1. Would you kindly state how much longer the chain becomes between ALA313 and ASP188 on full extension, computed as 0.36 nm times their sequence separation minus their alpha carbon distance, in nm to one decimal?
2. List MET161, MET5 from most exposed to least, where exposure is judged by having the fewest other Cβ atoms within 10 Å.
3. Under a crude label model (7 Å from the Cα following the beta-carbon direction), how far is THR6 from ARG241 in nanometres?
4. Which of ASN183, ASN236, ASN98 moves the most in a Gaussian network model of the chain with Cα springs under 10 Å?
5. Using amide H atoms built in the peptide plane, which far-off residues or other-chain residues are under 5 Å from ALA201 H to H?
6. Quote to one decimal, in nm, the extra length available between LEU53 and ALA107 on full extension: 0.36 nm per residue of separation minus the C-alpha distance between them.
7. Binning at 10 angstrom from zero up to the longest distance, how are the C-alpha pair distances of the range 7-62 distributed in percent?
8. Just to confirm a number: summing +1 for Lys and Arg and -1 for Asp and Glu over residues other than ILE34 whose beta-carbon lies under 11 angstrom from that of ILE34, what do you get?
Amino acid sequence: MPALMTTRERVLRALLDSPTEFVSGQSLAAELGISRPAIWRHMAALKGQGYELEAITGKGYRLPQRPDVLSKEEILCRLETESFGRALRVLAEVGSTNDEAKAWAMAGCPEGAVVAADTQTGGRGRRGRAWASPAGKGVYVSVVLRPRAAPAALGQLSLLMALATARAIRESTSLTVSTKWPNDVWVDGRKVAGILLEADADLEQVRSAVVGIGINLSLSAEDLPAQVRRTATSLNQAAGRPVPRAPLVCALLREMETVYGQFSSGHVARLLAECRALEVCLGRPVSVELGKQSLQGTAEEIAAGGELILRLASGETRAFMAGDVSLRPRETGAPESRHEPATE
């Protein structure tokens, strides 16, 4: 077991590693260097978190079923990253994981610090839109970054975080995943996740950035505003099975750390090629909204900085930054929503 785990995380890891076998309390106590009563207290604490433990005198403990528990112990005992998620806060309820992470960043938390929540009461998406964040039905995570970059690089970073999210979803579900510029993730032609990047920066340097990611796991139509019910889906529905949150969060943090490392070192050419390959709008007629202005054309390219290149009917090309516009395929006729199906 990794040396950085706490005792409770190591107890949980032992149970997760032996789902069909009983784990001896005596052997586990000897391995961890603690008393049998201490093992009992850790087991009682895990029961209090929702784990349905089976205990038989003379045999030990077993976890026959893995409940969908989002806890610090559940995440850390699975985590495979170097830094992302090692500083971790898991909250039952929060106004906004992004706001909590920004306050933590201002207080000096390390890069890769993560705030996760079971529910948000004030989750938001891009351009101030509301995000539905019901308890236990989604992944609501924010990660603190400290990129050595100018503010102009944030568009590219946001695009790459959408790629990391798409990779994690694909790995966790085996679903075919696509992206919709600037930073939505789609499954089966519908939105399943979104990204909100907020930065503390001056004209020349980003001091910190918070990447908020929301993934819709099991939101039903009743959980969503009426105007997005035709355009949103959930991973459970698409996969045909429950997708547990903690393993998905760990996959997400691993992919984010990998992609961010390549971004930080300037090795992004292959990542951008992967972004373009996943993009559903390239080569299609689209409408781009900028304030009250709407422009129609063909989405021709995603530039190296993350800009969308739009070719107008006149033949002129225009570049749009991710933070400035909304985009949708014109032929769908779907109205732009002011609410979102997941959370930041």
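Coordinate-derived values only; no laboratory data. Bear in mind that the values here come from a model prediction, so they are computed numbers and not experimental data. For neighbour counting, all protein chains shown are included, and Cβ atoms are generated from backbone atoms with ideal geometry for every residue, glycine included.
1. Length gained between ALA313 and ASP188: 42.0 nm.
2. Least crowded to most crowded, the residues run MET5, MET161.
3. 3.1 nm
4. In the Gaussian network model the winner is ASN236.
5. HN-HN under 5 Å from ALA201: ARG207.
6. 15.6 nm
7. For the range 7-62, the pair-distance distribution reads 25, 66, 9.
8. Once all neighbours under 11 Å are counted, the net charge is +3.
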